[in-house]
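Below: one structure, written as structure tokens.
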Amino acid sequence: MEDFIRARCHVYDMMKDRGYTLKGVKREVKEIKEVEELDFVCYNGKEEVRVCWYSTKFCVGNVRNLLASMEEEDFFHAIVICEQSTKQTTSNLRNQKYQIELFVLSQVLFNPTKHEFVPKHELCTQAEIKELLAAYGGTIANFPKIFDSDPIARYYGAKKGDVFRITANSDCIDGTAIRYRTVVKGVFKTKGKK
């Protein structure tokens, strides 16, 4: 339970960084007895996102129940945090009408934006992307890439075609360097794993 409560703080940060306002966060941590009581809802002015917590393995039956709930309660975006999931579950999350983001607990026990070696990432607006393309020419496909499965891309909910502005410390005159990365589909792999 302690890990779930710690993760909740990072999920709150994640949703705020995505531009959402938290709703339905009624309980103090001391009052929470079951993992499912951590559930909450957020809004960004356009859509509602439900954040659901599962203390058990998230399996195909859970996906079916969640999709039925989404249809019945008329919401289209859910974020699931669970202790474990199966590969079969991940393939069942692809749905044309509903968006379900799945995070295993270990992925939200830390906030990747707070790591000392991770530079500042910001998603560009469509207007900023147009300005970039006008200034540099070419297409988004010509930009360096970042996978949609990268921890930072997942943290911000980035989708294929989004563009990140990355501001990093540098030996340049003003001490910073700005880079851009376009989000592409793919599997992020850490070094050393095959």
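A few remarks follow.
- Considering region 127-177, the residues that are hydroxyl-bearing (S, T, Y) and surrounded by fewer than 19 Cβ atoms within 10 Å (Cβ to Cβ) include one that is nearest to T113 (Cα to Cα), namely T167.
- Take the conditions (1) touching a strand residue (DSSP E or B) at 6+ places or on another chain (Cβ under 8 Å); (2) within 27 Å of Q99 (Cα to Cα); T125 misses just one of them, which is (1).
- Counting only strands (runs of 3 or more DSSP E) that sit completely within region 1-82, those holding 3 or more residues that are under 18 Å from the mean Cα position of the chain (by Cα) and over 29 Å from C124 (Cβ atoms) correspond to 48-58.
- Scanning region 31-49 for residues that are open to solvent by 70 Å² or more (accessible area, probe 1.4 Å) and under 22 Å from E71 (Cβ atoms), we see that the one that is modelled with the lowest pLDDT is E36.
- Residue count, region 50-77 (criterion: β-branched (V, I, T) and either modelled with pLDDT of 90 or more or at positive phi (or both)): 1
- Selection from region 137-160 of residues that are assigned to a helix (DSSP H, G or I) and in contact (Cβ under 8 Å) with a residue 60 or more places away in the chain: Y155, Y156
The values are calculated or read from the model by the stated rules, or taken from the named source; none is laboratory data. Here the structure is a predicted model, which is why all the values come from computation and not from measurement. Here the Cβ is made from the backbone with ideal geometry for all residues, glycine too, and neighbour counts use every protein chain on show. All accessible areas refer to the heavy atoms of the entire protein, side chains included, with ligands and DNA or RNA removed. Shrake-Rupley method; radii C 1.70, N 1.55, O 1.52, S 1.80 Å.
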